[in-house]
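J.: If you scroll down you'll find the structure; I have some questions about it.
The values are calculated or read from the model by the stated rules, or taken from the named source; none is laboratory data. Just so you know, these numbers come straight off a predicted model, no measurement behind them. Please note: Cβ atoms are built from the backbone with ideal geometry, for glycine as well, and neighbour counts cover all protein chains shown.
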Amino acid sequence: MILDIKRVTAMEKVPQPDIDKERNALWQKIHHNDTPKKKSFFSRYWYVAASIAAVILVVVGLGYYLYLGHQLQYNGIQVYAADNTAQKLKLSFNGKTYILKDNSSVKRLPELGIEIKGHSIKLIRPRANFNNGYRTLTTPTGGIYTVTLADGTTIRMNAASKLTLPNTFAKEKRIVRLDGEAYFDVAHDKAHPFIVLTKYFQTTIVGTKFNIRAYSSIRANITLVEGKVQIQNKKSKPLTLLPKEQASLLSDGHLTKQKTDTDPSLEWQKGVFYFDDVPLIEIMQELGRWYNIDIIFENKKVIHERMHFVADHSESIQKAIDNLNELGMFTIINDANKIIIR
């Protein structure tokens, strides 16, 4: 509000009183004026003070009005909030978080158990004294990374996703945790099942290819491309998926499965936003996540409008907005790095 007041003052060119000058003038009048004139002087003094107070009141009122107007301008539902800390590739290890840089040549960090070249990452065994710990790899917004584990499993991680895994797998099972979205190509090892944990379900695999989406409970699912997996959570009995089947999380927390087209679940790996009969809120959240930008719905009636939409990751956010506006169902604007749907 203070910044708004300053801007209003500058914009309106409201004269600013010189406090030192006024104080000096006051004392000069006190010392040089005789007693009969004091009443007249103090009348003028209070007139000046009242005028200054009025100016300040107008400035404050105008500033508050603009501030309140700015707040009301975004009076809607915010469905995605930009995160300034989500723009770097990070590895959390042994209580510390390290910022990793994309390198054109292979960079080896044996103390962290990682090799990195561009958007390709290999997680190897770290120093021996950290064998019993865990590592968490976090991908930034606007980036896709391919991660290879020590057992040969490859994981294609989407933007703003987290993968937590032990420094060395246990003898009986290979367990990892995912927050976000990733495509898994699990190395076959019947004696050591591969288990993926998310907030919403647990998936057990021997060797197969599948996509897991678990950014939030909205559209959380697993799509099987090849092989066979078993999925379950606390509210549902185990479900077995075969190729071209998808298990989805229902609003009540239960799981359901159905036949599906696997292409929509795989297009993101090719650098494409692909939505088929998807609510607008999910489309906008995906754009917000990729471009790391606030998404606000002022037009609440269109939040759940379902539509088909395709765009390229390499295009600007403005291009995606223009394409959506072509539908004529709503108006989307980019205002001060905030996407407003009206």
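J.: For residue 315, work out the one condition from (1) without any contact (Cβ under 8 Å) to a residue 60 or more places away in the chain; (2) more than 20 Å from residue 144 (Cβ to Cβ); (3) charged (D, E, K, R) it doesn't fulfil.
T.: It is condition (2) that residue 315 fails.
J.: Let me ask something else about it. Return the total of residues in segment 325-335 being in contact with a strand residue (DSSP E or B) (Cβ under 9 Å, 6 or more places away or on another chain) and more than 17 Å from residue 79 (Cα to Cα).
T.: Within segment 325-335, residues that are in contact with a strand residue (DSSP E or B) (Cβ under 9 Å, 6 or more places away or on another chain) and more than 17 Å from residue 79 (Cα to Cα) number 3.
J.: Return the residue satisfying two criteria in turn: it lies in segment 157-191 and is over 23 Å from residue 95 (Cβ atoms) and basic (Lys, Arg), and of such residues it is modelled with the lowest pLDDT.
T.: Once the filter is applied, the top-ranked residue is 171.
J.: Then there is this: If you go through segment 117-143 one residue at a time, how many are in a loop (DSSP other than H, G, I, E, B), closer than 30 Å to residue 285 by Cα and either out of contact with any helix residue (DSSP H, G or I) (no Cβ under 8 Å at 6 or more places or on another chain) or without any contact (Cβ under 8 Å) to a residue 40 or more places away in the chain (or both)? Outline the logic, then answer.
T.: Of all residues in segment 117-143, those in a loop (DSSP other than H, G, I, E, B) come to 118-119, 124-127, 131-133, 139-143.
If we keep only those that are closer than 30 Å to residue 285 by Cα as well, we get 118-119, 139-143.
Then keep just the ones that are either out of contact with any helix residue (DSSP H, G or I) (no Cβ under 8 Å at 6 or more places or on another chain) or without any contact (Cβ under 8 Å) to a residue 40 or more places away in the chain (or both); that gives 118-119, 139, 143.
Looking only at that region, the number is 4.
J.: Does residue 148 count as at pLDDT 95 or above, polar (S, T, N, Q) and more than 21 Å from residue 313 (Cβ to Cβ)? So that I can check it myself, show each step before the final result.
T.: Values: at pLDDT 95 or above: yes; polar (S, T, N, Q): yes; more than 21 Å from residue 313 (Cβ to Cβ): yes.
Criteria met by residue 148.
J.: Out of everything in segment 133-143 that is under 21 Å from residue 168 (Cβ atoms) and β-branched (Val, Ile, Thr), what residue ends up being surrounded by the most Cβ atoms within 10 Å (Cβ to Cβ)? Explain how you work it out, then say what you get.
T.: Restricting attention to segment 133-143, the residues satisfying the condition of being under 21 Å from residue 168 (Cβ atoms) are 133-138.
Of the ones still in play, those that are also β-branched (Val, Ile, Thr) are 136, 138.
Values: 136: 15, 138: 21.
Among those residues, the one meeting the criterion is 138.
J.: Let me ask something additional. Looking only at segment 117-145, which residues are of a type in the set (A, V, I, L, M, F, W, C) and either under 12 Å from residue 163 (Cα atoms) or modelled with pLDDT of 95 or more (or both)? Spell out how you get there, then give the answer.
T.: Initial filter on segment 117-145 (of a type in the set (A, V, I, L, M, F, W, C)): 121, 123-124, 128, 130, 137, 144.
Of everything in segment 117-145, those that are of a type in the set (A, V, I, L, M, F, W, C) and either under 12 Å from residue 163 (Cα atoms) or modelled with pLDDT of 95 or more (or both) turn out to be 121, 123, 137, 144.
J.: Tell me, which residue of segment 242-262 that is over 25 Å from the mean Cα position of the chain (by Cα) and among the hydroxyl-bearing types (Ser, Thr, Tyr) is surrounded by the fewest Cβ atoms within 10 Å (Cβ to Cβ)?
T.: This residue is 256.
J.: Here is a further query. Kindly establish whether residue 146 is in the same structural domain as residue 241 (by TED's automatic domain parsing), part of a strand (DSSP E or B), exposed (fewer than 14 other Cβ atoms within 10 Å of the Cβ) and hydroxyl-bearing (Ser, Thr, Tyr). Before you say what the answer is, go through the steps one by one.
T.: Numbers: in the same structural domain as residue 241 (by TED's automatic domain parsing): yes; part of a strand (DSSP E or B): yes; exposed (fewer than 14 other Cβ atoms within 10 Å of the Cβ): no; hydroxyl-bearing (Ser, Thr, Tyr): yes.
In short, no.
J.: Residue 192 fails exactly one of the following numbered conditions: (1) surrounded by 21 or more Cβ atoms within 10 Å (Cβ to Cβ); (2) not in a strand (DSSP E or B). What is the number of that condition?
T.: Among (1) surrounded by 21 or more Cβ atoms within 10 Å (Cβ to Cβ); (2) not in a strand (DSSP E or B), residue 192 violates only (1).
J.: Could you tell me whether residue 265 is surrounded by 13 or more Cβ atoms within 10 Å (Cβ to Cβ) and either touching a residue at least 40 places away in the same chain (Cβ under 8 Å) or on the phi > 0 side of the Ramachandran plot (or both)? Spell out how you get there, then give the answer.
T.: On the way: surrounded by 13 or more Cβ atoms within 10 Å (Cβ to Cβ): yes; either touching a residue at least 40 places away in the same chain (Cβ under 8 Å) or on the phi > 0 side of the Ramachandran plot (or both): yes.
Taking the combined requirement at face value, the residue satisfies it.
J.: Is segment 198-208 home to any residue that is within 30 Å of residue 281 (Cα to Cα), in contact with a strand residue (DSSP E or B) (Cβ under 9 Å, 6 or more places away or on another chain), in a loop (DSSP other than H, G, I, E, B) and among the charged types (D, E, K, R)? Step through it out loud before you land on a result.
T.: At the first step, the residues of segment 198-208 found to be within 30 Å of residue 281 (Cα to Cα) are 198-203.
Still in the running and in contact with a strand residue (DSSP E or B) (Cβ under 9 Å, 6 or more places away or on another chain): 198-203.
The next check asks that each one be in a loop (DSSP other than H, G, I, E, B); those that pass are 198-201.
Those left that are additionally among the charged types (D, E, K, R): 199.
Checked segment 198-208: at least one residue is within 30 Å of residue 281 (Cα to Cα), in contact with a strand residue (DSSP E or B) (Cβ under 9 Å, 6 or more places away or on another chain), in a loop (DSSP other than H, G, I, E, B) and among the charged types (D, E, K, R).
J.: Would you say residue 205 is modelled with pLDDT of 95 or more and not charged (D, E, K, R)? Show your work before the answer.
T.: Details: modelled with pLDDT of 95 or more: no; not charged (D, E, K, R): yes.
Against the criterion (modelled with pLDDT of 95 or more and not charged (D, E, K, R)), residue 205 does not qualify.
J.: Just a yes or no: is a residue in segment 275-288 at pLDDT 95 or above, aromatic (Phe, Trp, Tyr) and surrounded by 18 or more Cβ atoms within 10 Å (Cβ to Cβ)?
T.: For segment 275-288, residues at pLDDT 95 or above, aromatic (Phe, Trp, Tyr) and surrounded by 18 or more Cβ atoms within 10 Å (Cβ to Cβ): absent.
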